[in-house]
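Quick notes on the structure that follows.
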Amino acid sequence: MTTNYCKRLKSELRESVKRHLSSTLLLSGGLDSSILAEIARPSQTVTVVWDDNSPDLSYARKIALRQRTKHTEVRLNRNGYLSKVLRTVIGSLKTFSPIEVRNSVVSCAGLMVAKQLGYEDVMTGDGCDELFVGYKYLGKYFQDLDRLNYEMNRLWNIMQFSSNVLSKTLGIGLMTPFLDSQFLSYATSVPLSEKIGEHSGNCWGKYILRKCFQRELGYDFAWRNKMAQEEGAGTVNLKTQFENGYDERTFGIKIRSALNERVNISSKEQLHYYGIFRSYYCPPANEECFDSRCPKCCGCVSSHDTYCKICGSFPIIPITLPHD
């Protein structure tokens, strides 16, 4: 059945790229951005990694070389540069969640560099994972299509992208072909049985994209294992970066100080982000809430939330403070 969908899928995505065309592409070397590179043929690509050991780097270089683009690589392990990116992310997104920060510094740095290079807008692969069963955790539902369908519909209803906020902060346009309303309508109509499938003894997400673009991308790119962004770009190293930032005595003092503000800090990495957060915002508990609060940081959440975007805690059971 997959071949029956390929022609329409390629046509819909090409038309969407035309409607959201940019000469610049944030290129990770993963399936999403590699497909966009093949269709859009951008003149400039930007790849953001932690250092030369980041898995994304070699893949992105091969795509950029094949497409003959001007290719710019950004390494975040340069402390002066990292500090500016962290402040932009935390100040713009109002978060000190380690996972959110690790993922968002990649797009933030890419957008910053594209603007520095003089470009007015940037294309990204935002939305592909949500539409085509790209996230690794969804694999546990591959044998239960009803549950997978429920999870996918939930994702479509709650999906948000930090790049939207960051692009506005930085004053640069954002082009997202996978989130185009017409393409979105088509993509959500593709059966789940086409989005997952067997290959080489394993069950894969984004199956239809891999099959449809295997010839253009080559086998290694089409069937590259999915990695979380923080793994592929290497920003998981941020945890180690700040682990040595505080001695145990200082760490203990600062944790108690955060507790006095009703914030439970779980790591030295999170403590560093909270320090930046507090340079922009008051303690979360001091904000007026009209619904509920996160039990870990007292930030405002919905009574139905299981995840706190402010501190990153999951799962949570929202609470109401007496003075609320």
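The values are calculated or read from the model by the stated rules, or taken from the named source; none is laboratory data. Computed from a predicted model, the values in this text were never measured in an experiment. Using ideal geometry, Cβ is built from the backbone for each residue, glycine included, and neighbour counts are taken over all protein chains shown. Quick note on the areas: whole protein, heavy atoms, side chains included, nothing else; ligands and nucleic acids left out. Shrake-Rupley method; radii C 1.70, N 1.55, O 1.52, S 1.80 Å.
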Can you pull out the residues in the stretch 281-319 that are open to solvent by 50 Å² or more (accessible area, probe 1.4 Å) and under 22 Å from LYS239 (Cβ atoms)?
-> LYS296, TYR307, LYS309, PHE314, PRO315
Go through the residues of the stretch 42-57 one by one and say whether even a single one is free of Cβ contacts under 8 Å to residues at least 40 places away in the same chain, part of a helix (DSSP H, G or I) and in contact with a strand residue (DSSP E or B) (Cβ under 7 Å, 6 or more places away or on another chain).
-> yes
Residues SER28, SER34, SER23, SER11: which one is open to solvent by less than 20 Å² (accessible area, probe 1.4 Å) and at negative phi?
-> SER34
Selection from the stretch 58-79 of residues that are within 12 Å of VAL106 (Cα to Cα) and part of a helix (DSSP H, G or I) = none
Given LEU111, LEU86, LEU82, which one is assigned to a helix (DSSP H, G or I), farther than 30 Å from ASN157 by Cα and either open to solvent by less than 40 Å² (accessible area, probe 1.4 Å) or of a type in the set (S, T, N, Q) (or both)?
-> LEU82
For the stretch 215-294, list the helices (runs of 4 or more DSSP H) that sit wholly inside it and hold at least 3 residues that are hydrophobic (A, V, I, L, M, F, W, C); which are they?
-> 248-260, 268-280
Sort through SER167, SER193, SER185 and tell me the only one that's touching a residue at least 12 places away in the same chain (Cβ under 8 Å), surrounded by fewer than 20 Cβ atoms within 10 Å (Cβ to Cβ) and outside any loop (DSSP other than H, G, I, E, B).
-> SER193
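Looking at this structure, is ARG102 in contact (Cβ under 8 Å) with a residue 40 or more places away in the chain and of a type in the set (D, E, K, R)?
Numbers: in contact (Cβ under 8 Å) with a residue 40 or more places away in the chain: yes; of a type in the set (D, E, K, R): yes.
Yes.
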Given the structure, is VAL106 under 30 Å from PHE242 (Cβ atoms), modelled with pLDDT of 95 or more and open to solvent by less than 10 Å² (accessible area, probe 1.4 Å)?
-> no
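Conditions (1) closer than 21 Å to ILE99 by Cβ; (2) modelled with pLDDT of 95 or more; (3) aromatic (Phe, Trp, Tyr), marked per residue:
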position	(1), (2), (3)
THR235	yes, yes, no
ILE253	no, yes, no
SER257	no, yes, no
GLU261	no, yes, no
PRO284	yes, yes, no
ASP291	no, no, no
CYS298	yes, yes, no
PRO322	no, no, no
Residue, most open to solvent (accessible area, probe 1.4 Å), within the stretch 219-270, restricted to residues that are touching a residue at least 24 places away in the same chain (Cβ under 8 Å), charged (D, E, K, R) and over 30 Å from GLY29 (Cβ atoms) = ARG262
